[in-house]
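Scroll down for the structure; my scribbles are underneath it.
Values in this text are rule-based calculations from the coordinates and carry no lab data. Treat the numbers as computed from the prediction; the structure is a model and nothing was measured.
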Amino acid sequence: MAKLSLSMPVKLGDKVEITELNFRDYSTAEDYLAFDKRGGVAQNIALIASMSGTDEALILKLAGKDYNRALKIVDAVLMQDKEEEFEKK
């Protein structure tokens, strides 16, 4: 499981502050459903939210550098899925 410590914590309401996102180290079909959304950024936001078990509203509040770091984690998991499938062939 990958953990991303946010460089800029995200506040939800008055009392909740998110300081990290925890990502699964595998993807699910539900994660791939995020690609049904139009626009690359909307797809990525949905995918990051799905794979980290958070709401898209939280992902929308990420600092740009945290968004890009989260996207690298997601991309690495998806690439691993593709490489494993390629190796089987």
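With everything on Cα atoms, drop me the angle between helix 64-88 and the longest principal axis of the chain, reported from 0 to 90° to the nearest 10.
20
Looking at the chain, what % of the alpha carbon pairs are farther apart than 22 Å?
In whole percent, the share of Cα-Cα pairs in the chain beyond 22 Å is 26.
What are the aspartates and glutamates whose alpha-carbon lies under 20 Å from the alpha-carbon of K82, with same-chain residues fewer than 8 places away excluded?
Within the straight-line limit of under 20 Å, K82 reaches these aspartates and glutamates: D25, E30, D31, D36.
Using Cα pairs closer than 8 Å and at least 6 residues apart in sequence, work out the relative contact order for the range 2-79, in percent.
32
Taking H placed 1.01 Å from N in the peptide plane, check which residues at least 5 places from A63 or on another chain put their amide H under 5 Å from its amide H.
Residues meeting the amide H criterion: M8.
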